[in-house]
Every structure is written in C-alpha cells, then in structure tokens.
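Step one of this worksheet: look at the structure below.
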Amino acid sequence: MILKITNISKLYSNGVQALRNVTLTIPNGMYGLLGPNGAGKSTLMRILATLQEPDTGSIYLDEIDVLNQKAAVRQTLGYLPQEFGVYPKAKAEDLLDYFAVLKGITNRAARKEVVAALLKQTNLWDKRRQQLGSFSGGMKQRFGVAVALLGNPKLMIVDEPTAGLDPAERVRFLNLLSELGENSVVILSTHIVEDVRELCTRMAIINKGQILQEAEPLKAVAGLQGKIWRRIVQKSELPALEQSYKIISTKLLSGRTIVHVYSETDPGNNFEGVYPDLEDVYFTTMAGYIGNYKPEVAQ
Amino acid sequence: MKFWNIFRFEFGYLVQRLSTWLYLAILLAFTFLMKLVITPGDGVYANNTFHITAITVIGSLIWLVMSASIAGEAAARDVQTQMHPLTYTAPVTKLNYLGGRFLAAFAVNALLLLALPVGVLLSFYLPGLDQGELLPFRPWAYLSVYLFIALPSAFVATALQFSLAALSRQVMTSYLAGLLLALVAQIIAVAAAKLFGNWDLVKLLDPIGVTGIIGNELQTWTPTEKNTRLVTLEGLFLLNRVWWLSVAAGFLSLTYFRFSFAAPVTNGRRRLFKRQPKVQAMATAETAILRVPAITVPQVQRNFGFKTNYYQTLTIAGASFRKIAKSPAGLTLIAAIALLSAVFGNKIMTEFGIPLLPTTQQVIAYLATPVGNLNTPLVIIPLLIIYFTGELVWQERAEGLSEIADATPITEWVLFTGKFLGLSLIILAWMALLMAGGIGMQLGLGYHKLEIGLYLQTLFGLQLLNYLLFALLALVVHVVVNQKYIGYLAMLLVISFMAFPATFGVEHNLLIFDSDPGWWYTDMRGFGATLGPWLWFKLYWLAWALLLAVVAKLLWPRGRAQGLKYHLLLAQRRFTRPTTWVAIIGVGLLLTLGSFIFYNTNVLNEYLTGADLNEQKAEYERRYSQYQNTPQPHLTATKLHVEIYPAQQQVEIQAAYTLVNKNALPIDSIHLSSVSGIAINKIKFNRPAAGVLIDQELSHYIYALKQPLQPGDSLLVNFVVHYQPQGFQNNGPNALVMENGTSFTNYDLLPTIGYQRYREINDAVLRKKYQLATRPAIPALYDAEARKKPGSTDQTTLEAIVGTAKNEVAVAPGRLHQTWTAGGRRYFHYKTDASIGSEYTFLSAQYAVQESNWHNVAIRIYYHPDHAININRMLRSAKASLAYYTEQFGPYPYKYFTLVERAGVGGGGATADAGIIYYGEQNTLMKPDDGPNGFDLPYYILAHEVAHQWWGLARLTPANVEGAGVLIEGLAVYSGMQVLEKNYGNKHLQQYVDYLHSFYAMPRSLATASLLQANEPFLYYRKGGLALYALRKYISQEKVNGALRRLLQKRTSGALPLPTTLNLYQELQNITPDSLNYLLHDLFKENTYWRLKTKQFTAAQTKAGNWQVTLKVQAQKVVVAATGSENEVPMQDWLEVGIFEEGKEATEPLYLQMHRIRSGEQTIKVTVPRKPERGGIDPNHLMIDLRLDDNIMYLDGR
C-alpha cells in the first residue's frame, strides 16, 4: 500500500494557512509526522481521515482517491483523533461492539471475539462493564485505540496517541502499531521525538503547514554527523552566543545551560562535537538550517 | 469586585454571540409580523393595550427557547466545554460565581425581552407598515407591560432555567425548564381551573401569562378598555407575580446551596437533588507493570453490502431508541399523560359536565389530535419530537465522539435511516402508551367494549404517520440548519406555521407540511369518505419525505466541513446514482400526486380561500342587496321527491314550490338564491316566465313573470337539484350523503326565495375592509323597519317521498304515510299536517325505530342500534314535555312527533325543527345520574327542544332584531326547567340553575347588552333562563306561565306585528306587582349585577328554647355600561334570606323569607325554632351575582 499526498493546501477562513503544498509519499510501515503544536499535523490527519476537505491537491491510497471516494477509504481506515469523548453512560464493551457494527463486522460471533480480544489487548477487559464516564484519561485513550484497531485497518491514522498513556501502555501501543505497519500504512503524528525515533521507518517534519524535511530517521541522524556542537555556558552568556552561532537548542542542566549549535565546521571556542540524535535533527530542521524551509513570502 | 468582573465577562460573552443578535432580530420580526396579520376589532385602535400586551406575552413564549440557551450557557457552559477544572479551582466564592453568571444571563434576557414592547412600538410608527388610525403615544402602556409582565417573567424563567442547568450541569436541562414553564404550568393551571371550576386559579398559576392574562383577563375587556385601560399590578395578578417571584427565588437559593465546585459525576440519575459527593470520579489507579506482550488482533471478516447496511441501520435505531427511552423525558411524560387520562377518565369523558359512555370513538377523539393542534396536552408529542431529533442529530458531536464515528465506513443513508427509525420506535412506544391510557380510561369507567382495531387504525395508522412525517421534517431541519438551538427555533416556527397557517396567509393543504383535509370517525358513519383524500395527501407528503430524506443524506454533517462551499461540494459528491434515482422518483411522485390532488381540489371542486369567500359574500351584497326590499312571494307548500344514494354519496331532488303573493302589490319577478355550487336545473314555472339573470357564481337567479303575480295569487315552480361530490376537496368531504349517516337540510341543497341577508358579511371589521355599509350584526330592537322582518319569511307545508338504499331508513319531518320497496330501494312518504316554518332535514341511516303515542300524537324515535341507552329517557322527557307545554301554553300543532339521531362528530346537544328533533351521536352516550341528588341534563335538553315547538319554528316567530334569541332560546330554557323540576324535583332544577350560573364564572366581559337587546347566545340561554327563573320565584310560576301563554296566543306565526322582547316585557309587566317593577327593570332593561355577601352568622338560644339568629350582610347593586364602566345604583331590593339546619338540604329551609335589603352593610335578626347550622342571603341564587360562594355562612365561620 502506498499513500500519495500531492500538493495539499488548506487555508482556514480565519486566515490561517494550515497546510501549504504538502506532498508526501508514504509506504507501508510506520510513518512519523513530527511537528510543534499548531504545525498543521491534525489538519493533515483529518484530511487523511476523510473528515476535512483540502482546498487543493489530491490524495491517493493505491488506487483509491481519498478525497472523492471517502466511503472506500473508510472501509480500510482506522482513526484515533487527538481529542475525543465517549458516551459517559455507555459501557465499554457495548460501545466497542456498537463501533464494530459501524465498521462492518456484522457476524455476531466474530464481533464478540474481536471485541473481547481488543479489550484484553488494551487492558480494559476488567473494566468492560464499567460506564465510560468513570474512565481515566489513559483508559479512555486505550478505548480509542481499541476502536481504531477494529476491523484490521490498512490505513491507520493516529493523532498524538501517546499523550495520555503511561510508559508501559505507550510501549505496548507503539509495538502494536509497528506490527500493524508490516502490511499497512500507519501514520503517527506526534510532537514527541522519541516516538518517532523508536519505531518509525520514515518521518516528516512539519511546521507552519509546510513539510520541512522528509527522511528516514536513521539517515537523517547520520546526515548530521559532525555538524552538531555543544558547550555548557552560563545563562548570561547566551545573548552573545546567539549573535555568532547557529544555536538550535538550549537546555538547562543543574543551573547551567547546554547549548547545541549547528555548524558544518568546528566552531572552536570551547565547543565540543557531539553525536547527533533525532532531536538535533528536529531542532536543526525547525531552525531552518537543513531541509526545505522557505520563509513565508510577504504578501 | 470579583462579582462585577464575572458579571461583565459573562455579559460580554453572551452579547458577543451571534445567536443573541439573531434572537433579537427574530423577536423584532415577530412583532412586525403580528402587526401585519392582526386586525384590531371594531372600535379598537391598532396600538391598543391589548395588542401591546398580547404580542409581548406571546412573544415571550418564543423567547423562552432563547432564554433557555442563554441561561443554560451561563450556568453550565464551563462543564460543557470542560473549562470547569480551571474555573472551579479559581478563588471565587459560590455567590460571586453563580450570582455574576445569573445576573448576566438575566440582564441579557431582560434586554432581549425589551425587544418585544419596543418592536411593537416601532411597528406602529415604522414607515411602510400600514398604520391606520392610532391612539396617542402612551409610554406607560409599553412600560407597564414590560415592568409588570415581561420583566418578572424574565426573572422567573431565567432563574428556573439557570437553576436546573447549573444543578444538572447540562445546558439542555434549561430547555426542559422552558418547556415546563411554557406548557406544563399552563396545562396544570387550566386543568386545575377545569377540575375545581375556578378560573381564578389560572390567573394565579400561569407563569408566563398566555392563558392567565391573554386567554383570561384581557378577554373580558371591552373595546373601550382595550384602548384605554393599562395593565396594573393588583389583585390576583399581583399575587401571581409574587408567587412566581418567590418560586424563582426559591430555586435560586436551592441552587446556591446545592451547587458545588466539584467535577460532575456521571453515575446516578437523581443527582439533581442529592448532595454532591465532593470527590473526583473514581479512576482506578493501576499498577503499571511493565509486561509488554505482543498485541495480536484477530483477523475478522468485514462486509459492506446491503445486508450490512440493514444490520447497521437496526443497530443505530436500537441505540437511538435506547438513548431516548433512557432520558428523563423520553417515556415518562407520555406515560404520565396516559396515566392521568386513565385516573381522571371520569373528568375527561364528559359532555356539559355529564359523564359519557367512554366508547372507543370518544377516547380516540381525545387521544388522536392533529399535530398542529396546540390546544391539547398532546401538543407535548410534537415538542418532544423536536427536542429528541435535535438530541439524536447532535448526539455524537455533543459527546465529542463525532470524529471517530464519522471516520467509520458507514453510509449517510444508514445513519439517517437508523436515527429516524429509532425516533419512530419511540413514537411507536408513545402510541402504545396512549393506547394503554385510553384502554385504562375505558376499563376504569367500567366500559368493556374495547375496539382494539379502531385503536390500531387511528393511533398506529393515522396518527403515527402524521407524527413520523413531522419527525422526518424535524430531522431534516436540524440537519440543514446545523446549529442546534437555531434548529429548535426553526422547528418551533414550523409548528406555529402548521398550527395557524391561515394567519400566514396559507390555506391550501398542499402548501402546509403534513397537512390533510382531516379525518373523523363516528360510530354511525365510521371514517366516512375521509380516509381516501387523507391518504392521497399523505402519499403526497411521503413523496416530499423522500425528497427530504435525500436532502438529509446530501447534507448530513460529517467531519469538519465548514462553510457552504464545502457542504455543497460534499453534497455534490454524495449525489450518487441511487440517490439520484430516489430524488427522481421523489420528484416524480410529488408532481404526479400533487397534480392529482390539485385536480381534485381546484379543478373538480371550486377552491376558495377565506378571502375569496368573503369577497364572494361582499360581491353578492354589492350586486343584489338592491333587491332586499323587493316584494317576493312566500313559500307555502313544498313537494319533494328525494332519491338518496348513500353508497354513491349522491342525492337527486325533484321539487315543487308553491309560492303565494302575500303582499299588497303585484309581483313581476321571482328571485331565487341557490346554494353555492349546486345548480338549479329544469326550472319550470306554471305560468309564462323568462330567466332575466342566471348568476351561477353568486348563486342568484331572477325570473321575470309575463303576467305579474297578483296579491293572493299563487304560482308553482318545479325544478331539479342534483348533488354528487366530484373527487375530493381541500377541506374535507361535505358530510351530506353517506352510508349510515346521511343528513342534509334544505339550506344545504335547495334554493330559497328572495335576497338572503344571512349570506352577507356580518363582522363589522370585515365589512369595513370590504367597504360595505356599516350595519349592526343584528338589527336594533328599536329599528321599526327591521321589526317587520322575521328570521325567515316562509311557513311551508312539506310533502316528501324519500327513496334510499334498501338497508336504510329515511327520515323527514311529517307523518309517515306509507313505505314501500321498489327497484331494490326503500321509499318513505312523509307529509306534515301543518306548516313547519322554513327549515327541515332529511336523514337516512340503518336506524332502529321505537314507536309510541302521546294522546293522539304518534311518537317515533329513530336511533343507531348501539346507541340505545337513553331511548326511554328521551321518550319520558318528550311525553312529559308535550303534556306540560300543552297544558301551560296551548296545543301541540301536529299529529306526529319524531326524534332522530343525526350522525356526525361532536353532537352533544340536540336541535329542533317543527315536529322533529335531531340529537347528536354524542348525546346518546351521556350517562347522567337521575337519582334524587343527580342532574339529568339529557332529560332537560330534550325538554328544551320540545319547548321550541312553542317558542320559535312554526309558532312564536320573532322579528329578526336584538333580543329575538331571548324569545326563542330564553323561553325554551325557562320551559325546559319547569319540566325538569316537575319530574325530577327541586334539586335537579337547582343543579341546572348552578349550571347556568357557572357560565358567569368563565372569563367574560361584564359589559354585555341588556336582555331586551340581547345579541349573543350567552344572554339568550344563560341570562334569559336565570332572569325568567328569578321572576318565577318572585312572582309565581302560574303568573309567569300565564304571561308567556298570552304572548303566544295573541299572534299567529309570521303575522305582523312580529313579537319582540318588548312584547315579552309588556306581558311580564302586566303580571308584576308594582313593588317588584324594579326587579323586572334590573333584569331585562339594564345590565345589572348584585354583589351579595353574608359577613357574619351567629345564633344564640333564647330562654324559650328558640334560637335567635343574627346575620350581617353586605349588599351592592351595580349597572355595567357597554363601555365597561360600573355604576353603583342604590338598592332597596327584596331578597331571600334563608336559614338551614344541619343535615337538611337547601330544599328544606328552617327559614326562608323575603327581606328588603338596602345597599351597604346591615344586620338581620330572625328567630327560628331549632338550632341552625348555616344561613345567608339569596341562598337559591336568584340574582346575577358573580360570587355565589359567599352568600351562605356557617355557624363555625366557614
């Protein structure tokens, strides 16, 4: 399966350009969409999930025209939105069963089996007769995961799924996704770099509606080899450094500040080279030193 | 400070919302629209207080929906938007938080309501609106309405809605509060008033003022008062305001104490009034064990075919049904109505307060009301439909689940159909509940002949389809509007349009959604011919429903499509081939059925709007009123051959009229007035005559005679009239001829002689509009010219041969001379032995006949075999009446007396023609208590109708001027009362007197005409009866009866001078002693009210063993002028003072004497032999006194 996104743009009526000429090709496997809050991730995810219309562009999932054959897309779609509610009075098992019907699992026995399996997999089996209104954030999130997984989707769209999960749940969920990714397209949007580093075979970095970089995480990291330098400074020295170096990130460490800069040659001045990681890739891209960042054209 | 900040923020937030401004626009538009559609009555200026008040009050009913959204938002927005963790933890006190929010909502609501009086004011002065004459601008007229009615209402409504929303933490609850205020309170108020017979209760209980103020208080205002009087804060109205403001304050303090800054919990339904637990919802913390087993999801088969769609539809339907059924208002309200109906069946199944046999037909008439009928508790059904469709359409979005649900592979058809089906199931459940309530009502009243089939046909057939169509519309409106609250508002507008389409200038059923020509069911006629047209119209609306479904599918909200552009894009994409086919089929059906219906209603039948009809009447008057004084011959003999074909709904009449010139001048032309749409065929005079004018449109014909008809000469005219309905009409079938239920009068089909005044427009305002000369609705008593004209000039004999179907019996006035069968049909030959006036009826049905005799009068009762319980009662009443009236007033003129049941809806009473009385189907179901303490009203009703054989019809035919109704109905009421008393005793009579008085308790203006110049049925029947009864008590029965006998015997029917109330007054004066002349004057010449009250009643035993009774009474007499102004007049009246023993009825007084009572307070001392229990002034209610309950007082102070 291949998802082809071509020249998607979206301008909201309040003037926000949520997406600008986004073009991506996404093969089977886990694909990370990394970007800060408000970058346009969710808009892109909703467009992929058939819930929103772009102004221009086209999207194809193999032969399926995603924008015009919504029904066909939905038959292979699993979608976990960033935020969602549940019927507070409904019981977990009943609502999951209800969604199973909506997703076309009409055989009662098969449905029962799937619902039971998913509840067990998402660790909700003991709570299956509880009203959803009494669920904690994490439990609710897991319930959403169970709904998304119903019916073995071939296109899985998960929008910041790990936000409410505890570490163990997060690991289990990501494992599940990567397994699913063996023969389907799984798109994971997140602002947590680790999610992408651990599992995604490919990723894109998005900001202000533009794809800044599309790469394989490992290759991207390798690409930065020898270009990231570090120095520990006093906070008061920062402004001076900013004048002369391409600072990509600053971090506090026991009262002092660790500064990462991007430089293709040794900047000297007590900077030491570091092995770059995906975070450096992300920040370097966001700062515009690599990737195809184009400053907005003044209008 | 914080309070002020909260208030300011909330107020600003509410004012910034677009919807708030939309509400403002709607309210303003409402006032303008009402200004356009309402025409003030005669003598009332456009900007009268009544208009200002009524529009403000009715507008505030619409406003209740808006206020629900505003108050609900202010109270529960934080929880709704999940903001509450931030606001609840802020350092704000409950008082500041709730107070600020509430005051902001109240302020916005109060300002919104201000739009109503302001809008009304603007509507008078805005250019472009037709103004007419206006009263000078009176700011207080608007201010008082706003300050006394609207502003308190704003406070009460906002408080209730705010409280319920804050406590339940749901915005929607405030809508329920609105519903409660708008409807339930009104219904309870009216129900309480009806149950306890006290209309003041309504004024006290009604929160908004629709029934209390508009339907009650203001209805009693005279035109002058409407122009000048202002709303004042006094009496019951003041109490009402105080009561509701305290209720509101109570709710607010309850909210203050119950509300807590805690996160809402979802378990438990009754949390509204339970103390809030102050702990977070339990979220079981789990131990995070790092077991990371591989997740495997079983592979499943998924299908997306038709079968899946079907299965999914049912699943969604089931889920929707459960959601509604589980919600607090889902089934309970209808169940409560059903239960209350069953429990209070004995109060509901009555006619004139007399218990009715609860046949299924009666119960159905109560349970199955049109969707647009707002005047029944069942209006709750369409309102619930509106509410729950909104809930269903918005279900996923309200719970934040829409994105997940929208991304599932489910089609819009399935979603839409599933939800609609769920709603249908709920409506089905409601119908089942209503049916259970109806059956419960029947069983509770001891009636066991349940007609389950009829229940199923009406509730699960006719009504269900009506409600389903309405539900579909509601669903589509919610989808199209795509704004929850605006959707509700839009549907409320839709339902008010459906309720009052004529107000909006739309009358054709093809243009009013879900509308039809109506259906009815009666025991005799069944559904008659109503089902066919009903079904055609419903099929037409189903075709619309198909199109609506397509619209719903195309516009079904899914995903985050914003803006019209994207909706259209989506709709375009959803216009798939099957959808196209459905749309094409829908349009095809729509056009075919619509044309077919139009062909029936407008081509086969003449379609006239109300305005068209008025125009026709006006044109008739303009063109032909020049002939109103042209001498015309009188109809003296009518010979008819009537062929009734019940199955074909046809009738053919061959007629021969004998016309005699009773004038002093020769007559050269004959004017005929036919019935609209019924042509006079084969007209033939027995002397040379030529048609000069044949105006089929206005139904006026003029024939010129070659040789004038000399005075005393007669002529014969033959003609044929044929009636056969063509197709069906817009407003239901003409119920003239049908199987087992034919009934038509000569006025329905046959022409009359001369210009017909009754065909003119009567209403003064309408006459002005159509530029017709001003004239009183009834000619004045002192109009000498008018006193020469009776209601109808004709006194004809009738001979008729009536043919009907083989299995039916035909009935007509007259003696039955012969019956025979020919050509598979039955024939009946009827002939009257004296003239019978001008009106008569033909009936045909599968009657059973009971025959009897009174002296040499042959009595025949024709009745529906299932309606036999009262036959003996009727026979008894008829015989007793004939005997009494013959003895008192003179002989009965005919050798026959016929009683016949007339098929049709809602016939609780009876009507009389000469020698024949028709009683309605419902009349046969009355089950009065004829024991000594009961009240046999049906017995009286028949006695009343028999009395018309002396008063009205062929005997005493008064001039058609004011007071004529007193001579006909007043005297019949009086006569009927004598028969009731003679055969049932004083107690039944007293019940009837109280029944007459009870009409005074209903809200009405005190400013009526005097009895001599009476101009409305209330005066003819009620006051006429009471006045004559009082005279009889003061003067004696013999004397009053003697006066009436002389009034009757002095004249022959139709001979000039015609009798008027002046003649009646003269006769009564002749028998009245001078000492009572004042009473006659007060009762007949003035509009007099007595205010009599016993203020103190004490008794002490004397040494002799007697009891000395001391009464302190208060008396006052007022005359109310036509303008409504009250004039106290000094009194020095004879009034009964009565004293009664314990355990003894009012019919066995310990003491009852006339005393002279003067105005003001006075003490009366009386000695009685035994210990009294109670006593007072006018104990038998002889005077016109609006408060009867304070006449008598008990020793213990009651």
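Output the number of residues of segment B:315-332 satisfying the condition of being assigned to a helix (DSSP H, G or I), more than 10 Å from chain A (Cβ to nearest Cβ) and aliphatic (A, V, I, L, M).
To start, the set of residues in segment B:315-332 that are assigned to a helix (DSSP H, G or I) comprises B:315-326, B:332.
If we keep only those that are more than 10 Å from chain A (Cβ to nearest Cβ) too, we end up with B:317, B:320-321, B:324-325, B:332.
Next, only the ones that are aliphatic (A, V, I, L, M) stay: B:317, B:324-325.
Selection size over segment B:315-332: 3.
So how many residues does segment A:43-102 have that are crowded, with 23+ Cβ neighbours inside 10 Å, in contact with a strand residue (DSSP E or B) (Cβ under 9 Å, 6 or more places away or on another chain) and farther than 19 Å from residue A:6 by Cα?
Number satisfying all stated conditions: 6.
Return the residues of segment B:1155-1184 that are surrounded by 14 or more Cβ atoms within 10 Å (Cβ to Cβ) and part of a strand (DSSP E or B); say none if nothing qualifies.
Selection gives B:1155, B:1157, B:1162, B:1164, B:1166, B:1168, B:1174, B:1175, B:1176, B:1177.
Being among the polar types (S, T, N, Q) and either surrounded by fewer than 19 Cβ atoms within 10 Å (Cβ to Cβ) or at pLDDT 95 or above (or both), is that true of even one residue in segment B:830-842? Quick ask: steps written out before the conclusion?
From segment B:830-842, those among the polar types (S, T, N, Q) are B:832, B:835, B:838, B:841; that's our starting set.
With the extra rule that they be either surrounded by fewer than 19 Cβ atoms within 10 Å (Cβ to Cβ) or at pLDDT 95 or above (or both), the set shrinks to none.
Among the residues of segment B:830-842, not one is among the polar types (S, T, N, Q) and either surrounded by fewer than 19 Cβ atoms within 10 Å (Cβ to Cβ) or at pLDDT 95 or above (or both), which makes the answer no.
Give the residue that is farthest from the other protein chains (Cβ to nearest Cβ), with candidates limited to residues of segment A:54-66 that are charged (D, E, K, R) and in contact (Cβ under 8 Å) with a residue 40 or more places away in the chain.
Within segment A:54-66, the first condition is being charged (D, E, K, R), and the residues that meet it are A:55, A:62-63, A:65.
So of that shortlist, the ones also in contact (Cβ under 8 Å) with a residue 40 or more places away in the chain come out as A:55, A:62.
On the way: A:55: 10, A:62: 16 Å.
Only one residue fits best here, namely A:62.
Checking residue B:50 against (1) at pLDDT below 85; (2) more than 20 Å from residue B:127 (Cα to Cα); (3) more than 25 Å from the chain's Cα centre (by Cα), which test does it fail?
(3)
Quick check, is residue B:276 modelled with pLDDT under 75, outside the structural domain of residue B:1186 (by TED's automatic domain parsing) and under 30 Å from residue B:50 (Cα atoms)?
Values: modelled with pLDDT under 75: yes; outside the structural domain of residue B:1186 (by TED's automatic domain parsing): yes; under 30 Å from residue B:50 (Cα atoms): no.
No.
Yes or no, residue by residue, for (1) more than 12 Å from chain B (Cβ to nearest Cβ); (2) part of a loop (DSSP other than H, G, I, E, B); (3) more than 26 Å from residue B:412 (Cβ to Cβ):
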site: A:33; (1), (2), (3): yes, no, yes
site: A:68; (1), (2), (3): no, yes, no
site: A:79; (1), (2), (3): no, no, no
site: A:94; (1), (2), (3): no, no, no
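If you take the residues in segment A:171-224 that are acidic (Asp, Glu) and part of a loop (DSSP other than H, G, I, E, B), which one is nearest to the other protein chains (Cβ to nearest Cβ)?
A:182
Could you list, in sequence order, all residues of segment A:104-162 that are at the interface with another protein chain (Cβ under 8 Å from one of its Cβ atoms), within 26 Å of residue A:70 (Cα to Cα) and in a loop (DSSP other than H, G, I, E, B)?
Selection gives A:104, A:105, A:106, A:107, A:151, A:152.
Can you pull out the residues in segment A:120-145 that are closer than 16 Å to residue A:90 by Cβ, under 25 Å from the mean Cα position of the chain (by Cα) and touching a residue at least 24 places away in the same chain (Cβ under 8 Å)?
In the first step, residues of segment A:120-145 are kept if they are closer than 16 Å to residue A:90 by Cβ; the result is A:124, A:127-135, A:139-140, A:142-144.
Retained after the next criterion (residues that are under 25 Å from the mean Cα position of the chain (by Cα)): A:124, A:135, A:139-140, A:142-144.
Scanning segment A:120-145 gives A:124, A:135, A:140, A:142, A:143, A:144.
Any residue in segment B:614-636 that is touching a residue at least 12 places away in the same chain (Cβ under 8 Å) and over 14 Å from residue B:700 (Cα atoms) sitting within a Cβ distance under 9 Å of a residue that is of a type in the set (A, V, I, L, M) and part of a helix (DSSP H, G or I)? List the pairs, counting only those 6 or more apart or interchain.
Close Cβ pairs (under 9 Å, with a partner that is of a type in the set (A, V, I, L, M) and part of a helix (DSSP H, G or I)) amount to B:614/B:766.
Among the residues of segment B:779-807, which ones are at pLDDT 85 or above and in contact with a Gly (Cβ under 9 Å, 6 or more places away or on another chain)?
B:781, B:796, B:797, B:798, B:799, B:800, B:803, B:805, B:806
Could you list, in sequence order, the residues of segment B:385-407 that are among the small types (Gly, Ala, Ser) and either facing chain A (nearest Cβ under 8 Å) or under 15 Å from residue A:90 (Cα atoms) (or both)? I'd like the intermediate steps shown before the answer.
To start, the set of residues in segment B:385-407 that are among the small types (Gly, Ala, Ser) comprises B:390, B:398, B:400, B:402, B:405, B:407.
B:398, B:400, B:405, B:407 - these are the residues of segment B:385-407 that are among the small types (Gly, Ala, Ser) and either facing chain A (nearest Cβ under 8 Å) or under 15 Å from residue A:90 (Cα atoms) (or both).
Can you pull out the residues in segment B:717-763 that are more than 28 Å from residue B:526 (Cβ to Cβ), of a type in the set (Phe, Trp, Tyr) and not in a loop (DSSP other than H, G, I, E, B)?
Within segment B:717-763, the first condition is being more than 28 Å from residue B:526 (Cβ to Cβ), and the residues that meet it are B:717-720, B:751-763.
Going one step further and asking which of them are of a type in the set (Phe, Trp, Tyr), we end up with B:719, B:755, B:758.
Answer for segment B:717-763, where residues must be more than 28 Å from residue B:526 (Cβ to Cβ), of a type in the set (Phe, Trp, Tyr) and not in a loop (DSSP other than H, G, I, E, B): B:719, B:758.
Here is a yes/no grid of residues against (1) among the hydrophobic types (A, V, I, L, M, F, W, C); (2) more than 8 Å from chain A (Cβ to nearest Cβ); (3) touching an Asp or Glu at 6+ places or on another chain (Cβ under 9 Å); (4) surrounded by 21 or more Cβ atoms within 10 Å (Cβ to Cβ):
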| position | (1), (2), (3), (4) |
| --- | --- |
| B:303 | no, no, no, no |
| B:313 | no, yes, no, yes |
| B:334 | yes, yes, no, yes |
| B:355 | no, yes, yes, no |
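Condition first: more than 14 Å from every other protein chain (Cβ to nearest Cβ) and over 21 Å from residue B:509 (Cβ atoms). Can you find one or more residues in segment B:562-581 that meet it?
As a first pass, look at segment B:562-581 and keep what is more than 14 Å from every other protein chain (Cβ to nearest Cβ): B:580-581.
Then keep just the ones that are over 21 Å from residue B:509 (Cβ atoms); that gives B:580-581.
Yes, because at least one residue in segment B:562-581 is more than 14 Å from every other protein chain (Cβ to nearest Cβ) and over 21 Å from residue B:509 (Cβ atoms).
Going by the conditions given, is residue B:460 without any contact (Cβ under 8 Å) to a residue 40 or more places away in the chain and closer than 19 Å to residue B:381 by Cβ?
Details: without any contact (Cβ under 8 Å) to a residue 40 or more places away in the chain: yes; closer than 19 Å to residue B:381 by Cβ: yes.
Taking the combined requirement at face value, the residue satisfies it.
Those residues that are within 35 Å of the chain's Cα centre (by Cα) and assigned to a helix (DSSP H, G or I), I need them from segment B:1072-1101; list them, please. Write out each step before concluding.
Kept after step one, since they are within 35 Å of the chain's Cα centre (by Cα), are these residues of segment B:1072-1101: B:1082-1093.
Listed by number, the residues that qualify are B:1082, B:1083, B:1084, B:1085.
The values are calculated or read from the model by the stated rules, or taken from the named source; none is laboratory data. From a predicted model like this one, the values you see are computed outputs, not experimental measurements. Using ideal geometry, Cβ is built from the backbone for each residue, glycine included, and neighbour counts are taken over all protein chains shown.
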